[in-house]
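*Asks:* Right, I'll just put the structure down here and ask away after.
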Amino acid sequence: MQNFNYHQHTYRCGHADLDMKDEEYILEYINMGFKKIAFTDHCPQKNKIDKRENMRMEYSERKEYLDSIKKLREKYSDKIEIESGYEVEYLPGEEENLRELKKDVDKIILGQHFIYDNNGNLKIIDFNGKVKFTDIEIIKYAEYISKAIELGIPDIIAHPDVFINARNGFGNIERKAINIICESAEKYKVPLEINLNNIFKKVYYENKVIVNLPIEEQRDKLKNVVYPYREFWEIVSKYNVKVLYGIDTHNRGQIGLFNELVQFANEIIGSEIINKLNFIE
Ligand SMILES: [Zn+2]
Ligand SMILES: [Zn+2]
C-alpha cells in the first residue's frame, strides 16, 4: 500500500478545515504509517487572476507557510519525511510567476482548474458540474496541461480527469483530450494522480462531518462520484506513465480513511485497469 501522499492542503487556502493545524495533519499521517508527505496548498497569485474568495493563500502568507513546513520537517524528521509544495494552475503569461513559486518548494502539483476562454476571461471548472466546456475549450484545457509539462513546471498532475465535470458524457473529444495529456506525461515522465477527494466528499463527508456507515451502504453513494473516471484511466493504462494516489486532504479525519478511499477508487476504475497501471513504488 502506498505510504506517501503529495497532495495536502492547509487552512490558509480558506476552504480546508480552518481550525486544523499543520501539525495535526502530520500526526494523522504518522498514525496511518505514512513515511513521506508534501504540503501542496493552493498557491498564492502575484497577479490576481482567479478572483474567487477562499480559494488560495495570500502572497504575503508564503513565508509563514514555508516556515511552518520547515519546523515540522525538523521536529518529525525521525518519523516522516515532509516536503514543501504548491498546487498551481498553468496560464499563458504566468510562466515567470510559476517558476518563482517552483524555486521555493520541493514539489509542484498541477491542479488545472481553469483556462482562458476566447474572450480572455477565466473559465473555471465547477465542482458541481454546472459550467460546461465546449469541445474547443476542453482541448484547450488538455493543451494547457501539456504546455505546463513541456515547460517543466509540474512534478505531478493532480486530478487529470476533473474536466469530466465540465462535460456531458464521454466520446471522441474526451478521448482526444486524454491522449494529449497522456502523451506529454509519458514523454516528460510526469506522473498522474488518482485523486481521492471526490470520493471523500461524495461518500464520507456530509454537512461538514465524516459519516462512516458500513461499507455496503457507503458503496451506494459511489454513483455520485465524478472522478476518478474509469475511461480516463483505461486510456492511461495504454501509456508508459506512472500513477499515484493523492488524498487531496482538506479536512480532519480524511487521512484516516485512506485505505477505504483507495478501495473505492479501485472499484470505480476496475481491477483489470488498476492491474495494468504503473504505480510509483
Ligand atoms: Zn482545495
Ligand atoms: Zn488539491
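No value in this document is a laboratory result; all are computed from the given coordinates. On a predicted model such as this, the values are computed, not experimentally measured, just so you know. All Cβ positions, glycine included, derive from the backbone under ideal geometry; neighbour counts span all protein chains shown.
*Asks:* With contacts defined as alpha carbon pairs under 8 Å and 6 or more residues apart, what's the relative contact order of the chain in percent?
*Replies:* Result for the chain is 18 percent.
*Asks:* Rounded to the nearest 5, what % of DSSP beta bridges with both residues in the chain are antiparallel?
*Replies:* Numbers: 5 of 26 bridges.
Antiparallel bridges make up about 20 percent of those DSSP assigns within the chain.
*Asks:* On to the next question. Do the sum for the chain: with -39,500 (n - 2.57) for every DSSP H run of n ≥ 4, divided by all residues, what is the mean residue ellipticity at 222 nm, to the nearest 500 deg cm²/dmol? Write down the numbers at each step before the final one.
*Replies:* Numbers: 9 runs with 96 residues, N = 281.
That comes out to -10000 deg cm²/dmol.
*Asks:* OK, next. Could you check which residue among GLN45, GLN112, GLN218 shows the biggest mean-square fluctuation in a GNM of the chain with a 10 Å Cα cutoff?
*Replies:* GLN218
*Asks:* Once the principal axes of the Cα atoms of region 4-279 are found, what is the range along each, listed largest first in whole angstroms?
*Replies:* 50, 48, 36
*Asks:* Whole-Hz ³J(HN,Hα) for each residue in region 75-80, computed from phi via Karplus 6.51 cos²θ - 1.76 cosθ + 1.60 with θ = phi - 60°, x for glycine and proline: what do you get?
*Replies:* So the J values, rounded to whole Hz, are 4, 10, 4, 7, 10, 7.
*Asks:* Now a separate question. Hey, can you grab everything whose amide H is under 5 Å from the amide H of GLU83? Only 5+ residues off in sequence or another chain; H modelled, so Pro and N-termini drop out.
*Replies:* Those lying under 5 Å, H to H, from GLU83 are ILE37, ALA38, PHE39.
*Asks:* Let me ask something additional. Taking only C-alpha pairs under 8 Å that are 6+ residues apart, what is the relative contact order of region 1-82 in percent?
*Replies:* Values: 100 pairs, mean separation 28.6, N = 82.
Across region 1-82, relative contact order equals 35 percent.
*Asks:* Long-range amide H contacts for ILE156: which residues qualify at under 5 Å (H placed 1.01 Å from N, peptide plane, sequence gap of 5 or more or a different chain)?
*Replies:* ILE108, LEU110
*Asks:* Out of residues 5 or more away from LYS123 or on other chains, whose amide H comes under 5 Å of its own, with H placed 1.01 Å from N in the peptide plane?
*Replies:* ILE115, TYR116, ASP117
*Asks:* Order 262-268, 202-208 from most to least packed using the mean count of other Cβ atoms within 10 Å.
*Replies:* Values: 262-268: 18.3, 202-208: 14.6.
Highest to lowest by the protection proxy: 262-268, 202-208.
*Asks:* Distance cut-off 20 Å, Cα to Cα: go down the list LYS201/LYS223; LYS35/LYS102; LYS35/LYS107; LYS132/LYS242 and report the pairs above it. Walk me through the intermediate numbers first.
*Replies:* Numbers: LYS201/LYS223 13 Å; LYS35/LYS102 23 Å; LYS35/LYS107 16 Å; LYS132/LYS242 29 Å.
Over 20 Å apart, Cα to Cα: LYS35/LYS102; LYS132/LYS242.
*Asks:* Dividing the convex hull volume of the alpha carbon atoms of region 43-103 by its residue count, what do you get in Å³ per residue? Could you put the intermediate results ahead of the total?
*Replies:* Details: hull volume 5.7 nm³, N = 61.
Normalising the Cα hull of region 43-103 by residue number yields 94 Å³.
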